[in-house]
Amino acid sequence: DVADIGVTGMAVMGSNLARNLARNGFKVAVHNRSVGKTEKVIADHGSDGEFYPSESMADFVASLQKPRVAIIMVKAGKPTDAVIDELASLMDEGDIIVDAGNALFTDTRRREAALREKGLHFVGSGVSGGEEGALNGPSIMPGGTKESYDRLGPMFEKISAHVDGEPCCTHVGADGAGHFVKMVHNGIEYADMQVISEAYDMMSKALGMSASQIGEVFAEWNKGDLESFLIEITAEVLAHTDADTGKPFVDVILDRAAQKGTGAWTVQTALDLGVPVTGIAEATFARSVSGSVPQREAGQAVLPAQAEAPEIADRAQFIDDLQKALYAAKLVSYSQGFDEIAKGAEEYGWDITLGDMARIWRGGCIIRARFLDRITEAYERTPDLALLLADEYFTTEITKCIPARRRVVAYAATAGYPVPVFASTLSYYDAVRAERLPAALVQAQRDYFGAHTYQRVDAEGTYHVEWSEDRRQTRQDSDQH
Ligand code: 6PG
(Lines give C-alpha, C1' and ligand atoms only; values in the text may rest on other atoms or scores of the structure.)
Protein backbone atom coordinates (compact mmCIF):
# COMPACT_ATOMS: atom_id res chain seq x y z
CA ASP A 1 0.00 0.00 0.00
CA VAL A 2 2.56 2.52 -1.15
CA ALA A 3 1.23 3.89 -4.45
CA ASP A 4 -0.28 7.40 -4.45
CA ILE A 5 -2.66 6.57 -7.25
CA GLY A 6 -3.43 3.75 -9.68
CA VAL A 7 -4.46 3.39 -13.29
CA THR A 8 -6.23 0.36 -14.71
CA GLY A 9 -6.47 0.05 -18.48
CA MET A 10 -3.10 0.26 -20.19
CA ALA A 11 -4.20 1.25 -23.71
CA VAL A 12 -2.54 4.44 -24.95
CA MET A 13 -4.63 6.93 -22.93
CA GLY A 14 -4.30 4.96 -19.69
CA SER A 15 -0.60 4.29 -19.99
CA ASN A 16 0.12 7.89 -20.97
CA LEU A 17 -1.83 9.17 -17.96
CA ALA A 18 0.10 6.75 -15.72
CA ARG A 19 3.40 7.90 -17.21
CA ASN A 20 2.44 11.56 -16.75
CA LEU A 21 1.69 10.87 -13.07
CA ALA A 22 4.98 9.00 -12.62
CA ARG A 23 6.96 11.75 -14.35
CA ASN A 24 5.46 14.19 -11.89
CA GLY A 25 6.83 12.22 -8.97
CA PHE A 26 3.77 10.19 -7.99
CA LYS A 27 4.04 6.50 -7.17
CA VAL A 28 1.72 4.90 -9.70
CA ALA A 29 0.08 1.48 -9.47
CA VAL A 30 -0.68 0.08 -12.92
CA HIS A 31 -2.92 -2.74 -14.05
CA ASN A 32 -4.41 -4.18 -17.19
CA ARG A 33 -6.73 -7.13 -17.73
CA SER A 34 -4.16 -8.82 -19.94
CA VAL A 35 -0.80 -8.70 -18.21
CA GLY A 36 1.23 -8.34 -21.38
CA LYS A 37 0.23 -4.70 -21.84
CA THR A 38 1.30 -3.78 -18.33
CA GLU A 39 4.64 -5.52 -18.84
CA LYS A 40 5.18 -3.62 -22.08
CA VAL A 41 4.49 -0.26 -20.46
CA ILE A 42 7.00 -1.03 -17.71
CA ALA A 43 9.58 -2.38 -20.18
CA ASP A 44 9.26 0.64 -22.48
CA HIS A 45 8.68 3.41 -19.96
CA GLY A 46 9.62 2.12 -16.53
CA SER A 47 12.31 4.79 -16.33
CA ASP A 48 9.62 7.53 -16.32
CA GLY A 49 9.21 7.11 -12.56
CA GLU A 50 8.02 4.77 -9.83
CA PHE A 51 5.51 2.19 -11.09
CA TYR A 52 3.87 -0.60 -9.11
CA PRO A 53 2.56 -3.14 -11.61
CA SER A 54 -0.02 -5.74 -10.56
CA GLU A 55 -1.34 -8.77 -12.37
CA SER A 56 -4.60 -9.02 -10.48
CA MET A 57 -7.15 -6.35 -9.57
CA ALA A 58 -6.85 -7.45 -5.92
CA ASP A 59 -3.10 -6.80 -5.88
CA PHE A 60 -3.63 -3.52 -7.71
CA VAL A 61 -6.06 -2.30 -5.04
CA ALA A 62 -3.79 -3.60 -2.26
CA SER A 63 -0.88 -1.60 -3.67
CA LEU A 64 -2.71 1.72 -3.16
CA GLN A 65 -2.39 4.08 -0.20
CA LYS A 66 -5.64 4.85 1.62
CA PRO A 67 -7.91 6.54 0.87
CA ARG A 68 -7.25 4.81 -2.43
CA VAL A 69 -7.53 6.52 -5.80
CA ALA A 70 -7.96 4.26 -8.81
CA ILE A 71 -8.39 5.67 -12.32
CA ILE A 72 -10.26 3.60 -14.87
CA MET A 73 -9.25 4.12 -18.48
CA VAL A 74 -11.23 1.47 -20.36
CA LYS A 75 -13.90 1.55 -23.06
CA ALA A 76 -17.10 3.43 -22.18
CA GLY A 77 -20.22 1.38 -21.47
CA LYS A 78 -20.19 -2.22 -20.30
CA PRO A 79 -16.40 -2.60 -19.88
CA THR A 80 -16.43 0.43 -17.56
CA ASP A 81 -19.30 -1.00 -15.50
CA ALA A 82 -17.48 -4.33 -15.17
CA VAL A 83 -14.28 -2.72 -13.92
CA ILE A 84 -16.19 -0.46 -11.51
CA ASP A 85 -17.96 -3.46 -9.99
CA GLU A 86 -14.72 -5.36 -9.57
CA LEU A 87 -12.91 -2.39 -8.03
CA ALA A 88 -15.81 -1.54 -5.75
CA SER A 89 -15.89 -5.07 -4.35
CA LEU A 90 -12.24 -4.72 -3.33
CA MET A 91 -12.29 -1.18 -1.97
CA ASP A 92 -13.14 0.33 1.41
CA GLU A 93 -15.25 3.23 2.53
CA GLY A 94 -13.81 6.58 1.49
CA ASP A 95 -11.89 5.18 -1.49
CA ILE A 96 -12.20 6.90 -4.85
CA ILE A 97 -12.85 5.46 -8.29
CA VAL A 98 -12.22 7.80 -11.21
CA ASP A 99 -13.64 7.19 -14.68
CA ALA A 100 -11.45 9.24 -16.99
CA GLY A 101 -13.02 8.07 -20.25
CA ASN A 102 -15.71 9.83 -22.31
CA ALA A 103 -18.75 8.52 -20.40
CA LEU A 104 -22.27 9.81 -20.86
CA PHE A 105 -22.97 12.04 -17.84
CA THR A 106 -26.21 10.26 -17.01
CA ASP A 107 -24.28 6.99 -16.70
CA THR A 108 -21.86 8.80 -14.41
CA ARG A 109 -24.73 10.05 -12.27
CA ARG A 110 -26.12 6.52 -12.01
CA ARG A 111 -22.73 5.05 -11.09
CA GLU A 112 -22.00 7.82 -8.60
CA ALA A 113 -25.29 7.24 -6.83
CA ALA A 114 -24.71 3.48 -6.65
CA LEU A 115 -21.18 3.81 -5.28
CA ARG A 116 -22.19 6.51 -2.82
CA GLU A 117 -24.50 3.95 -1.22
CA LYS A 118 -21.45 1.79 -0.63
CA GLY A 119 -19.52 4.69 0.92
CA LEU A 120 -17.26 5.04 -2.11
CA HIS A 121 -16.59 8.18 -4.13
CA PHE A 122 -17.10 7.97 -7.85
CA VAL A 123 -15.53 10.71 -9.95
CA GLY A 124 -16.45 11.07 -13.60
CA SER A 125 -13.64 13.10 -15.05
CA GLY A 126 -13.30 14.63 -18.46
CA VAL A 127 -9.79 14.37 -19.83
CA SER A 128 -9.05 16.17 -23.06
CA GLY A 129 -5.99 16.47 -25.20
CA GLY A 130 -5.76 13.10 -26.87
CA GLU A 131 -2.79 10.83 -26.41
CA GLU A 132 -0.26 13.63 -26.42
CA GLY A 133 -2.20 15.59 -23.82
CA ALA A 134 -2.58 12.61 -21.50
CA LEU A 135 1.20 12.26 -21.49
CA ASN A 136 2.32 15.87 -21.36
CA GLY A 137 -0.55 17.72 -19.73
CA PRO A 138 -4.24 17.39 -20.52
CA SER A 139 -7.16 19.57 -19.53
CA ILE A 140 -8.92 17.73 -16.72
CA MET A 141 -12.58 18.17 -15.73
CA PRO A 142 -13.37 16.11 -12.62
CA GLY A 143 -16.85 15.87 -11.14
CA GLY A 144 -17.82 14.08 -7.93
CA THR A 145 -17.67 15.17 -4.31
CA LYS A 146 -15.57 18.04 -2.93
CA GLU A 147 -14.03 15.52 -0.55
CA SER A 148 -12.77 13.38 -3.40
CA TYR A 149 -11.33 16.47 -5.06
CA ASP A 150 -9.40 17.33 -1.90
CA ARG A 151 -7.62 14.00 -2.28
CA LEU A 152 -7.08 13.79 -6.04
CA GLY A 153 -7.24 17.46 -7.08
CA PRO A 154 -3.62 18.27 -6.18
CA MET A 155 -2.37 15.31 -8.23
CA PHE A 156 -4.58 16.15 -11.21
CA GLU A 157 -3.66 19.81 -11.06
CA LYS A 158 0.01 18.88 -11.09
CA ILE A 159 -0.21 16.65 -14.17
CA SER A 160 -2.58 18.91 -16.11
CA ALA A 161 -1.50 21.48 -18.67
CA HIS A 162 -0.64 24.89 -17.22
CA VAL A 163 -1.31 28.31 -18.71
CA ASP A 164 0.17 31.41 -17.07
CA GLY A 165 1.13 29.18 -14.16
CA GLU A 166 -2.48 28.10 -13.59
CA PRO A 167 -3.50 24.43 -13.87
CA CYS A 168 -6.03 23.43 -16.52
CA CYS A 169 -7.98 21.46 -13.94
CA THR A 170 -10.60 22.38 -11.39
CA HIS A 171 -13.43 20.71 -9.51
CA VAL A 172 -16.31 21.13 -11.96
CA GLY A 173 -19.23 20.13 -9.74
CA ALA A 174 -21.00 17.16 -8.18
CA ASP A 175 -21.62 13.71 -9.71
CA GLY A 176 -21.79 13.90 -13.52
CA ALA A 177 -20.80 17.57 -13.88
CA GLY A 178 -17.29 16.77 -15.11
CA HIS A 179 -18.46 14.44 -17.85
CA PHE A 180 -21.23 16.88 -18.79
CA VAL A 181 -18.71 19.68 -19.29
CA LYS A 182 -16.39 17.36 -21.25
CA MET A 183 -19.34 16.40 -23.44
CA VAL A 184 -20.06 20.05 -24.27
CA HIS A 185 -16.33 20.59 -24.85
CA ASN A 186 -16.51 17.88 -27.49
CA GLY A 187 -19.63 19.41 -29.03
CA ILE A 188 -17.80 22.73 -29.33
CA GLU A 189 -14.87 20.79 -30.79
CA TYR A 190 -17.21 19.46 -33.50
CA ALA A 191 -18.44 22.99 -34.29
CA ASP A 192 -14.90 24.40 -34.42
CA MET A 193 -13.75 21.63 -36.74
CA GLN A 194 -16.72 22.01 -39.07
CA VAL A 195 -16.50 25.77 -39.32
CA ILE A 196 -12.78 25.54 -40.11
CA SER A 197 -13.67 23.01 -42.79
CA GLU A 198 -16.32 25.32 -44.24
CA ALA A 199 -13.76 28.13 -44.53
CA TYR A 200 -11.37 25.68 -46.20
CA ASP A 201 -14.10 24.56 -48.60
CA MET A 202 -14.88 28.13 -49.63
CA MET A 203 -11.21 28.90 -50.31
CA SER A 204 -10.93 25.70 -52.28
CA LYS A 205 -14.12 26.06 -54.32
CA ALA A 206 -14.67 29.80 -54.61
CA LEU A 207 -11.02 30.83 -54.95
CA GLY A 208 -9.62 27.63 -56.43
CA MET A 209 -6.77 27.64 -53.95
CA SER A 210 -4.61 24.58 -53.41
CA ALA A 211 -4.44 22.80 -50.07
CA SER A 212 -1.01 24.18 -49.32
CA GLN A 213 -2.07 27.73 -50.17
CA ILE A 214 -5.05 27.36 -47.84
CA GLY A 215 -2.72 25.94 -45.22
CA GLU A 216 -0.71 29.16 -45.41
CA VAL A 217 -3.83 31.20 -44.80
CA PHE A 218 -4.63 29.16 -41.67
CA ALA A 219 -1.05 29.53 -40.48
CA GLU A 220 -1.49 33.30 -40.85
CA TRP A 221 -4.86 33.26 -39.06
CA ASN A 222 -3.20 31.39 -36.23
CA LYS A 223 -1.27 34.54 -35.42
CA GLY A 224 -4.44 36.53 -34.68
CA ASP A 225 -7.76 36.22 -32.86
CA LEU A 226 -8.25 32.70 -34.15
CA GLU A 227 -5.04 31.38 -32.61
CA SER A 228 -5.85 27.87 -31.44
CA PHE A 229 -4.71 24.28 -31.55
CA LEU A 230 -7.30 23.31 -34.19
CA ILE A 231 -6.29 26.14 -36.56
CA GLU A 232 -2.65 25.24 -36.03
CA ILE A 233 -3.08 21.54 -36.87
CA THR A 234 -5.32 22.47 -39.83
CA ALA A 235 -2.44 24.46 -41.30
CA GLU A 236 -0.14 21.48 -40.78
CA VAL A 237 -2.56 18.96 -42.26
CA LEU A 238 -3.11 21.12 -45.33
CA ALA A 239 0.63 21.50 -45.86
CA HIS A 240 1.11 17.75 -45.74
CA THR A 241 1.70 15.75 -48.94
CA ASP A 242 0.57 12.16 -49.40
CA ALA A 243 3.66 9.97 -49.61
CA ASP A 244 2.09 7.47 -52.04
CA THR A 245 0.76 9.85 -54.67
CA GLY A 246 2.55 13.13 -54.09
CA LYS A 247 -0.87 14.77 -53.92
CA PRO A 248 -2.02 17.09 -51.14
CA PHE A 249 -2.87 14.74 -48.27
CA VAL A 250 -6.37 16.16 -47.70
CA ASP A 251 -7.25 15.48 -51.35
CA VAL A 252 -6.74 11.72 -51.03
CA ILE A 253 -8.93 11.33 -47.94
CA LEU A 254 -12.45 9.99 -48.41
CA ASP A 255 -14.89 12.79 -47.51
CA ARG A 256 -16.88 10.96 -44.83
CA ALA A 257 -16.40 12.18 -41.26
CA ALA A 258 -16.88 9.62 -38.51
CA GLN A 259 -18.02 10.23 -34.95
CA LYS A 260 -17.91 8.33 -31.72
CA GLY A 261 -20.95 9.94 -30.14
CA THR A 262 -20.00 12.81 -27.86
CA GLY A 263 -21.23 15.43 -30.36
CA ALA A 264 -24.53 13.60 -30.67
CA TRP A 265 -24.80 13.42 -26.87
CA THR A 266 -24.29 17.18 -26.68
CA VAL A 267 -27.10 17.76 -29.15
CA GLN A 268 -29.47 15.18 -27.62
CA THR A 269 -28.91 16.65 -24.18
CA ALA A 270 -29.41 20.17 -25.51
CA LEU A 271 -32.72 19.12 -27.05
CA ASP A 272 -33.79 17.67 -23.70
CA LEU A 273 -32.79 20.85 -21.91
CA GLY A 274 -34.30 23.08 -24.59
CA VAL A 275 -31.03 24.87 -25.35
CA PRO A 276 -30.46 25.85 -28.99
CA VAL A 277 -26.94 24.67 -29.77
CA THR A 278 -27.48 25.15 -33.49
CA GLY A 279 -23.79 25.38 -34.40
CA ILE A 280 -22.95 22.13 -32.65
CA ALA A 281 -26.04 20.42 -34.03
CA GLU A 282 -25.28 21.43 -37.63
CA ALA A 283 -21.67 20.35 -37.19
CA THR A 284 -22.81 16.96 -35.94
CA PHE A 285 -25.35 16.60 -38.73
CA ALA A 286 -22.72 17.67 -41.27
CA ARG A 287 -20.75 14.55 -40.31
CA SER A 288 -23.91 12.49 -40.78
CA VAL A 289 -24.57 14.06 -44.17
CA SER A 290 -21.02 13.27 -45.25
CA GLY A 291 -21.53 9.66 -44.26
CA SER A 292 -24.97 9.30 -45.90
CA VAL A 293 -23.59 7.56 -48.95
CA PRO A 294 -26.79 6.36 -50.70
CA GLN A 295 -28.41 9.76 -50.22
CA ARG A 296 -25.38 11.58 -51.55
CA GLU A 297 -25.19 9.31 -54.57
CA ALA A 298 -28.87 9.85 -55.29
CA GLY A 299 -28.51 13.61 -54.84
CA GLN A 300 -25.37 13.85 -56.96
CA ALA A 301 -27.13 12.01 -59.78
CA VAL A 302 -30.08 14.33 -60.24
CA LEU A 303 -30.10 17.51 -58.16
CA PRO A 304 -28.98 20.59 -60.10
CA ALA A 305 -27.10 23.45 -58.46
CA GLN A 306 -29.02 26.17 -60.31
CA ALA A 307 -26.27 28.39 -59.02
CA GLU A 308 -23.40 30.33 -60.37
CA ALA A 309 -20.39 31.31 -58.34
CA PRO A 310 -19.91 35.06 -58.85
CA GLU A 311 -16.43 36.17 -59.83
CA ILE A 312 -14.45 37.28 -56.80
CA ALA A 313 -12.69 40.49 -57.66
CA ASP A 314 -10.92 41.11 -54.38
CA ARG A 315 -9.50 37.80 -53.20
CA ALA A 316 -7.75 39.26 -50.19
CA GLN A 317 -11.02 40.82 -49.06
CA PHE A 318 -12.81 37.48 -49.50
CA ILE A 319 -10.21 35.70 -47.37
CA ASP A 320 -10.51 38.41 -44.74
CA ASP A 321 -14.30 37.94 -44.81
CA LEU A 322 -13.87 34.21 -44.26
CA GLN A 323 -11.64 34.83 -41.27
CA LYS A 324 -14.26 37.12 -39.72
CA ALA A 325 -17.10 34.72 -40.55
CA LEU A 326 -15.17 31.92 -38.90
CA TYR A 327 -14.53 33.97 -35.79
CA ALA A 328 -18.17 35.03 -35.56
CA ALA A 329 -19.43 31.47 -36.00
CA LYS A 330 -17.04 30.37 -33.31
CA LEU A 331 -18.25 33.05 -30.91
CA VAL A 332 -21.84 31.93 -31.45
CA SER A 333 -21.13 28.23 -30.95
CA TYR A 334 -19.19 28.90 -27.75
CA SER A 335 -21.99 31.12 -26.51
CA GLN A 336 -24.45 28.30 -27.22
CA GLY A 337 -22.19 25.70 -25.57
CA PHE A 338 -21.92 27.79 -22.42
CA ASP A 339 -25.70 28.18 -22.41
CA GLU A 340 -25.92 24.40 -22.36
CA ILE A 341 -23.51 24.15 -19.42
CA ALA A 342 -25.47 26.81 -17.54
CA LYS A 343 -28.77 25.04 -18.20
CA GLY A 344 -27.33 21.66 -17.27
CA ALA A 345 -26.00 23.09 -14.02
CA GLU A 346 -29.43 24.51 -13.24
CA GLU A 347 -31.21 21.28 -14.10
CA TYR A 348 -28.88 18.99 -12.14
CA GLY A 349 -28.02 21.33 -9.29
CA TRP A 350 -24.34 21.72 -10.09
CA ASP A 351 -22.45 24.71 -8.81
CA ILE A 352 -20.42 25.31 -11.97
CA THR A 353 -18.36 28.49 -12.33
CA LEU A 354 -18.66 29.10 -16.07
CA GLY A 355 -15.56 31.28 -16.29
CA ASP A 356 -13.49 28.48 -14.76
CA MET A 357 -14.53 26.12 -17.53
CA ALA A 358 -13.09 28.48 -20.14
CA ARG A 359 -9.99 28.87 -17.95
CA ILE A 360 -9.27 25.12 -17.78
CA TRP A 361 -9.79 24.84 -21.54
CA ARG A 362 -7.02 27.32 -22.30
CA GLY A 363 -4.42 24.58 -22.34
CA GLY A 364 -4.18 20.84 -22.86
CA CYS A 365 -7.49 20.27 -24.59
CA ILE A 366 -8.47 20.06 -28.24
CA ILE A 367 -10.30 23.41 -28.27
CA ARG A 368 -7.50 25.26 -26.49
CA ALA A 369 -7.36 28.79 -27.78
CA ARG A 370 -6.29 32.26 -26.95
CA PHE A 371 -9.77 33.72 -26.90
CA LEU A 372 -10.94 31.51 -24.00
CA ASP A 373 -9.40 34.11 -21.67
CA ARG A 374 -12.02 36.51 -22.96
CA ILE A 375 -14.80 34.11 -21.92
CA THR A 376 -13.36 33.82 -18.42
CA GLU A 377 -13.21 37.61 -18.18
CA ALA A 378 -16.79 37.97 -19.41
CA TYR A 379 -18.13 35.68 -16.68
CA GLU A 380 -15.96 37.42 -14.11
CA ARG A 381 -17.49 40.74 -15.11
CA THR A 382 -21.02 39.32 -14.99
CA PRO A 383 -21.30 35.90 -13.33
CA ASP A 384 -24.97 35.52 -14.28
CA LEU A 385 -24.49 36.69 -17.86
CA ALA A 386 -27.58 35.57 -19.77
CA LEU A 387 -25.87 35.54 -23.16
CA LEU A 388 -22.13 35.40 -23.70
CA LEU A 389 -22.54 37.38 -26.94
CA ALA A 390 -24.07 40.22 -24.95
CA ASP A 391 -20.91 40.73 -22.93
CA GLU A 392 -19.31 44.03 -23.98
CA TYR A 393 -16.18 42.41 -25.39
CA PHE A 394 -18.06 39.81 -27.41
CA THR A 395 -20.58 42.32 -28.67
CA THR A 396 -17.75 44.51 -29.94
CA GLU A 397 -15.97 41.56 -31.55
CA ILE A 398 -18.97 40.03 -33.24
CA THR A 399 -20.19 43.41 -34.44
CA LYS A 400 -16.91 43.84 -36.31
CA CYS A 401 -17.55 40.55 -38.10
CA ILE A 402 -21.18 40.95 -39.10
CA PRO A 403 -20.91 42.46 -42.61
CA ALA A 404 -18.23 39.93 -43.53
CA ARG A 405 -20.21 36.95 -42.29
CA ARG A 406 -23.32 38.10 -44.15
CA ARG A 407 -21.26 38.37 -47.36
CA VAL A 408 -19.83 34.89 -46.84
CA VAL A 409 -23.17 33.21 -46.20
CA ALA A 410 -24.79 35.09 -49.09
CA TYR A 411 -21.97 34.08 -51.41
CA ALA A 412 -22.20 30.45 -50.36
CA ALA A 413 -25.95 30.43 -50.96
CA THR A 414 -25.55 32.07 -54.36
CA ALA A 415 -22.77 29.74 -55.42
CA GLY A 416 -24.41 26.61 -54.04
CA TYR A 417 -21.82 25.66 -51.41
CA PRO A 418 -22.98 24.05 -48.16
CA VAL A 419 -22.05 26.08 -45.08
CA PRO A 420 -24.30 24.67 -42.34
CA VAL A 421 -22.44 26.15 -39.38
CA PHE A 422 -21.72 29.54 -40.97
CA ALA A 423 -25.38 29.80 -41.93
CA SER A 424 -27.01 28.42 -38.79
CA THR A 425 -24.91 30.51 -36.42
CA LEU A 426 -25.78 33.61 -38.42
CA SER A 427 -29.47 32.71 -38.24
CA TYR A 428 -29.18 32.22 -34.51
CA TYR A 429 -27.50 35.60 -34.19
CA ASP A 430 -30.32 37.25 -36.11
CA ALA A 431 -32.93 35.37 -34.11
CA VAL A 432 -31.54 36.14 -30.70
CA ARG A 433 -31.32 39.85 -31.50
CA ALA A 434 -34.70 40.09 -33.29
CA GLU A 435 -37.43 42.08 -31.62
CA ARG A 436 -40.13 39.84 -32.95
CA LEU A 437 -40.01 36.26 -34.17
CA PRO A 438 -42.51 34.31 -36.28
CA ALA A 439 -43.05 32.10 -33.24
CA ALA A 440 -46.28 34.07 -32.84
CA LEU A 441 -47.64 32.42 -35.97
CA VAL A 442 -46.52 28.99 -34.78
CA GLN A 443 -48.46 29.56 -31.56
CA ALA A 444 -51.55 30.57 -33.56
CA GLN A 445 -51.27 27.43 -35.68
CA ARG A 446 -50.90 25.28 -32.59
CA ASP A 447 -53.96 26.87 -31.11
CA TYR A 448 -55.91 26.28 -34.32
CA PHE A 449 -55.32 22.56 -34.71
CA GLY A 450 -54.78 21.46 -31.14
CA ALA A 451 -56.22 24.11 -28.81
CA HIS A 452 -52.71 24.52 -27.44
CA THR A 453 -53.46 28.11 -26.33
CA TYR A 454 -51.40 31.28 -26.58
CA GLN A 455 -50.53 34.40 -24.64
CA ARG A 456 -51.17 37.98 -25.78
CA VAL A 457 -48.77 40.87 -26.13
CA ASP A 458 -51.26 43.25 -24.53
CA ALA A 459 -52.77 41.30 -21.64
CA GLU A 460 -51.99 38.73 -18.98
CA GLY A 461 -53.38 35.22 -19.21
CA THR A 462 -53.69 32.21 -21.47
CA TYR A 463 -56.17 32.22 -24.34
CA HIS A 464 -57.75 30.05 -26.99
CA VAL A 465 -59.86 30.84 -30.02
CA GLU A 466 -62.87 28.60 -30.79
CA TRP A 467 -61.62 28.10 -34.33
CA SER A 468 -64.23 25.62 -35.50
CA GLU A 469 -67.14 27.51 -33.94
CA ASP A 470 -67.63 31.24 -33.74
CA ARG A 471 -63.90 32.12 -33.47
CA ARG A 472 -64.53 33.74 -30.14
CA GLN A 473 -61.50 34.17 -27.88
CA THR A 474 -61.79 32.51 -24.48
CA ARG A 475 -59.53 32.85 -21.52
CA GLN A 476 -58.13 29.50 -20.40
CA ASP A 477 -56.25 30.06 -17.18
CA SER A 478 -57.86 29.81 -13.77
CA ASP A 479 -57.86 33.52 -12.82
CA GLN A 480 -60.20 34.45 -15.65
CA HIS A 481 -62.72 36.31 -13.55
C1 6PG B 1 -10.42 15.21 -26.55
C2 6PG B 1 -11.18 14.65 -27.70
C3 6PG B 1 -11.34 13.17 -27.51
C4 6PG B 1 -11.65 12.43 -28.80
C5 6PG B 1 -13.02 12.70 -29.32
C6 6PG B 1 -13.13 12.40 -30.79
O7 6PG B 1 -10.96 16.11 -25.94
O8 6PG B 1 -9.29 14.78 -26.32
O9 6PG B 1 -12.43 15.24 -27.78
O10 6PG B 1 -12.26 12.97 -26.50
O11 6PG B 1 -10.69 12.72 -29.74
O12 6PG B 1 -13.90 11.86 -28.63
O13 6PG B 1 -14.46 12.33 -31.08
P14 6PG B 1 -15.02 11.79 -32.43
O15 6PG B 1 -14.34 10.48 -32.70
O16 6PG B 1 -16.46 11.66 -32.19
O17 6PG B 1 -14.65 12.81 -33.45
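The values are calculated or read from the model by the stated rules, or taken from the named source; none is laboratory data. Because the structure is a prediction, the values reported are computed rather than measured. Please note: Cβ atoms are built from the backbone with ideal geometry, for glycine as well, and neighbour counts cover all protein chains shown. These area figures cover heavy atoms from the full protein model, side chains too; ligands, DNA and RNA do not enter into them. Shrake-Rupley method; radii C 1.70, N 1.55, O 1.52, S 1.80 Å.
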Rounded to two decimals, what is the ratio between the C-alpha radius of gyration of region 96-150 and 2.2 N^0.38 Å?
1.18
Just tell me which aspartates and glutamates come within less than 18 Å, Cα to Cα, of Lys205; anything on the same chain fewer than 8 places away is out.
Glu216, Asp251, Asp255, Glu308, Glu311, Asp314, Asp320, Asp321
Please compute the volume of the convex hull spanned by the alpha-carbon atoms of region 276-403 and report it per residue in Å³.
163 Å³
Largest first and to the nearest Å, give the Cα extent of region 386-436 along each principal axis.
35, 23, 17
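Could you state the per residue volume, in Å³, of the convex hull enclosing the Cα atoms of region 169-270? Could you put the intermediate results ahead of the total?
Details: hull volume 14.9 nm³, N = 102.
Once divided by residue count, the hull of region 169-270 is 146 Å³.
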With a 1.4 Å probe and all protein chains left in place, how much of the accessible area of the chain comes from carbon and sulfur atoms, in whole percent?
51 percent
Please compute the volume of the convex hull spanned by the alpha-carbon atoms of region 193-242 and report it per residue in Å³.
72 Å³
Approximate spin-label separation Gln445-Glu227, in nm, with each point projected 7 Å along Cα-to-Cβ:
4.8 nm
Starting from the Kirkwood Rh over alpha-carbon pairs, what translational D in µm² s⁻¹ does region 68-120 have by Stokes-Einstein at 10 °C and 1.306 mPa s?
144 µm²/s
Measure nothing but the geometry: give the 0 to 90° angle between the long axis through the Cα atoms of 78-90 and the longest principal axis through the Cα atoms of the chain, rounded to 10°.
40 degrees
Which residues' amide hydrogens lie under 5 Å from the amide hydrogen of Met209, considering only partners 5 or more residues apart or on another chain, with H built in the peptide plane?
Ser204
Note down, for region 1-110, the three equivalent ellipsoid semi-axes (square root of 5 times each alpha carbon gyration tensor eigenvalue), biggest first, whole angstrom.
21, 16, 13
Could you tell me the center-to-center distance, by alpha carbons, between region 165-208 and region 48-73 in angstrom?
33 Å
Table column - 3J(HN,Hα) (Hz), region 4-19, Karplus curve with 6.51, -1.76, 1.60, x for Gly and Pro
6, 7, x, 10, 10, x, 9, 5, 4, 4, x, 5, 5, 5, 4, 5
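To two decimal places, what compactness ratio does region 205-344 give when its Cα radius of gyration is scaled by 2.2 N^0.38 Å?
On the way: Rg = 17.8 Å, N = 140, 2.2 N^0.38 = 14.4 Å.
Cα-based Rg divided by the globular estimate yields 1.24.
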Dipole size in debye (nearest 20) for region 120-179 around its Cα centre, Lys and Arg Cβ +1, Asp and Glu Cβ -1?
160 debye
Which value, in Å², gives the accessible area per residue of the chain when a 1.4 Å probe is used on the protein heavy atoms?
47 Å²
Rounded to the nearest 20 debye, dipole of the chain from Cβ charges on Lys, Arg, Asp, Glu:
500 debye
Cα-Cα longer than 32 Å, checked against Lys37/Lys158; Lys40/Lys66; Lys158/Lys343; Lys66/Lys343; Lys223/Lys343; Lys40/Lys182, kept in input order, equals Lys66/Lys343; Lys223/Lys343
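For the chain, what is the convex hull (Cα atoms) projected area averaged across all directions, in square nanometres?
Values: hull surface 117.7 nm².
One quarter of the hull surface, i.e. the mean projection, equals 29.4 nm².
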Taking every Cα atom in region 50-139, find the radius of gyration and the maximum pairwise distance Dmax, and write them in Å.
13.2, 36
Just for the Cα atoms in region 319-377, what are the lengths along the principal axes, largest first, rounded to whole Å?
44, 22, 20
Largest-first principal axis extents, alpha carbons of region 413-481, Å:
55, 25, 15
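When the convex hull of the Cα atoms of region 141-206 is projected onto a plane and the area is averaged over all directions, what value comes out in nm²? Could you put the intermediate results ahead of the total?
On the way: hull surface 22.9 nm².
Averaged projected hull area, Cα only: 5.7 nm².
Would you mind computing Rg(Cα) / (2.2 N^0.38 Å) for region 354-481, counting N as its residues? Provide the component values of the computation, followed by the final result.
On the way: Rg = 21.8 Å, N = 128, 2.2 N^0.38 = 13.9 Å.
Computed over Cα atoms of region 354-481, the ratio equals 1.57.
When the chain is fully extended, how far beyond the present Cα-Cα distance does Ala410 get from Gln259, taking 0.36 nm per residue of separation? Please report the intermediate quantities before stating the final value.
On the way: separation 151, 0.36 × 151 = 54.36 nm, distance 2.94 nm.
Contour length minus the Cα-Cα distance gives 51.4 nm.
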